[in-house]
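In what follows, a single structure is set out as structure tokens and then discussed.
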Amino acid sequence: MGRFRIILLSALFISACAQKEKYSDITQTIPPVPEIKVESLNLRSARANMRVRNKVIGLINFAQSDSNIKVEVQIEGLKSGPYELHLATKGNCKNPSLKHHDYKDLGEVIADKNGVVKTNVEFINMFTHDLMNKTIILHSKNKRFPKATACGQIEKS
């Protein structure tokens with residue numbers, strides 16, 4: 001029984017080596033894929049008008065800088081305290097999804113005693129075309145199950 005296994009394994013090995021030689025030059029027959037340039041990927045800036053019940057309360061500007069995005073946040077009319085910004089990958093301002101797998105956490109911002117958020121942040125290794133037609137959600141960090149405080153659709157500026 002042991003000899004039979006050795007003979008069988010040897011035959012399989014020799015067969016596999018022969019098959020490898022048979023197909024070794026197949027990659028030489030595949031032509032290279034031509035480079036395609038898409039103009040929309042050259043997008044350098046975007047913006048989101050932050051709204052509460054259809055009233056604009058602020059603006060978030062996105063500007064491409066190499067492989068980073070510089071973000072300028074200006075929002076008014078909030079209660080003072082900490083807020084979180086999220087990039088929703090699903091949903092929109094009418095139905096924003098705050099399920100953990102449907103958004104990317106963009107960090108915390110603080111509304112001052114006058115209810116104003118004014119800050120600049122930078123997202124590393126991100127491009128403005130990755131943000132297009134997505135939704136920015138601002139919600140209070142003080143709530144256990146937060147609802148969106150303000151929301152904005154990201155569009156070309």
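Only the coordinates and a few stated rules stand behind these numbers; no lab work does. These figures come from a predicted structure and were not determined experimentally. Neighbour counts run over all protein chains shown; Cβ positions are idealised from the backbone, glycine included.
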Which residues qualify? For L106, with a placed amide H closer than 5 Å and at least 5 residues away or on another chain, they are L85, H86, L87
Rounded to whole Hz, the Karplus (6.51, -1.76, 1.60) HN-Hα couplings of the stretch 109-124, x for glycine and proline | 10, 10, 8, 6, 5, 8, x, 10, 10, 9, 8, 10, 9, 9, 9, 8
Under a plain spin-label model, where a point goes 7 Å from the Cα along Cα-to-Cβ, how far apart in nm are S80 and T119?
-> 1.6
Proxy exposure order for S45, S140 (fewest C-beta within 10 Å first) is S45, S140
